[in-house]
Amino acid sequence: MDTDKKTILREGFLVKRGHLVHNWKARWFVLMPDRLLYYKFEGGKRDSCQRGRILLKDCVITCPFLEYDNRPLVFKLRTKSCVEHFLEACSREERDEWAADITAAAEKLRPPADGGEATGQQDPAGSQLHNIDLSKVLDSMYDVHSGIKLTNHVEQGSTYSNCFSGSAVVDWLVFMQLTLSRVEAVTLASALLEEGFLRTVGLRSVEALRTAGLTEQFMDDSTALYSFPESVKKRGSVKAETSLSAVELSGKVMRRGFLVKQGHNRKNWKVRLFVLRSEPAFLHYYDPTKDDISPVGGFPLRGCLVSALDDNGVPSGVKGNIQGNLFKIITQSDTHYFIQAPTHQQKMDWIDAIRQET
């Protein structure tokens, strides 16, 4: 059997692009020492038969991979036979952890180099940042085809247009191979900020600039916002993305993750990306197979009741042979949501996080 529990390195939901039809589907992935397996997940259960496998020997991982609009959390795997797989995680942390674990597994499959020394490793002292031309970096950020994408963001009730997050800048610098690591990318972005090629937008980045040292002025954070200064005229930049600016989407993101939700009408179970926000407290859910940035549903958490459901037997209100890691949310308007987490620990973590906002 391929999935011996003793050899599982990591498992969880990722969204995968199809090979023939380039649609995106949520799949359950299991990382083994020499391969990455994926399964279909329907009706709140994982299929017993795998849908595919990706051999890790001589596999090359690209993380981040930023060539998909509205999908900044994608990473790419290219196998020894040059087959490319595109996978999307629920957060930057999850994306980077998956990529790191897959890379580590692939590295263990490589034969040792002569003399037992690892190959392809850069000396940390050999940074690319010496004598870098910041104006050329800025020109690359402006590029109509490959430049950084401008978006609209809402922070504490205020809408900021034509800007980008600190994490988006770091992702872009690493993806464009202008830096070797995220640490170097933060240093380079701090230099751009100091030279006036970038400016702070919103309270988070302004505070960081005021209190941090030179190499820590720029934040690798999705809530720290930056933009180009007014004195710099954009030359053929990409169009700014239009995003929702509702107050309910302006809260601080406290938790993100893939959960399985029962529909209200058809009572079928589907994987959704859930985002928990605070001040104001809302829980939104998105269709991870779509690249639309708008949630398909959500509700305020004020006055909600959340409780764990027993794992023995099918609870009342749940359709189908669903067991394990279930919890229920009852809104102030008496709407019942039945949700399944991938693991017992994640179920309890979500319950605790929601209760703190109710």
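Figures for the structure shown
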quantity: Test for TYR337: is it open to solvent by 20 Å² or more (accessible area, probe 1.4 Å), of a type in the set (Ser, Thr, Tyr), under 23 Å from ASP69 (Cα atoms) and in contact with a strand residue (DSSP E or B) (Cβ under 9 Å, 6 or more places away or on another chain); calculated: no
quantity: Single condition LEU273 does not satisfy, out of (1) crowded, with 16+ Cβ neighbours inside 10 Å; (2) not in a strand (DSSP E or B); calculated: (2)
quantity: Every pair of residues 6+ apart whose Cβ atoms lie under 7 Å, when the first sits in region 83-94 and is outside any strand (DSSP E or B) while the second is open to solvent by 10 Å² or more (accessible area, probe 1.4 Å); calculated: ALA89/LEU73; CYS90/ARG256; CYS90/PHE258; CYS90/LEU273; SER91/LEU73; SER91/ARG256; ARG92/LEU73; ARG92/SER222
quantity: Where TYR285 falls short, out of the listed (1) over 20 Å from the mean Cα position of the chain (by Cα); (2) in contact (Cβ under 8 Å) with a residue 24 or more places away in the chain; (3) assigned to a strand (DSSP E or B); calculated: (1)
quantity: Selection within region 318-349 - in contact with a His (Cβ under 6 Å, 6 or more places away or on another chain) and more than 17 Å from VAL271 (Cα to Cα); calculated: ILE330
quantity: Single residue of region 316-332 satisfying the filter (in contact with a Phe, Trp or Tyr (Cβ under 8 Å, 6 or more places away or on another chain) and not in a strand (DSSP E or B)) that is modelled with the highest pLDDT; calculated: THR331
quantity: Tally of residues being at pLDDT below 75 and either assigned to a strand (DSSP E or B) or polar (S, T, N, Q) (or both) across region 218-247; calculated: 5
quantity: Whichever residue in region 150-188 is charged (D, E, K, R) and modelled with pLDDT of 85 or more and, among such residues, is farthest from GLN217 (Cα to Cα); calculated: ASP171
quantity: Region 276-305, residues that are within 23 Å of VAL318 (Cα to Cα), surrounded by fewer than 17 Cβ atoms within 10 Å (Cβ to Cβ) and among the small types (Gly, Ala, Ser); calculated: GLY297, GLY303
quantity: Selected residue (criterion: most open to solvent (accessible area, probe 1.4 Å)) from residues of region 43-57 that are part of a strand (DSSP E or B) and modelled with pLDDT of 75 or more; calculated: ARG53
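Table: residues versus (1) surrounded by fewer than 16 Cβ atoms within 10 Å (Cβ to Cβ); (2) under 20 Å from ASP96 (Cα atoms).
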position: LYS136; (1), (2): yes, no
position: MET141; (1), (2): no, no
position: LEU150; (1), (2): no, no
position: THR159; (1), (2): yes, no
position: ASN162; (1), (2): no, no
position: TRP172; (1), (2): no, yes
position: SER181; (1), (2): yes, yes
position: ALA191; (1), (2): no, no
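The values are calculated or read from the model by the stated rules, or taken from the named source; none is laboratory data. Since this is a predicted model, take the numbers as computed values, not measurements. Heads up, the Cβs are rebuilt from the backbone with ideal geometry, glycines too, and the neighbour counts pull from every protein chain shown. Keep in mind that these areas ignore ligands, DNA and RNA; they rest on the heavy atoms of the full protein, side chains included. Shrake-Rupley method; radii C 1.70, N 1.55, O 1.52, S 1.80 Å.
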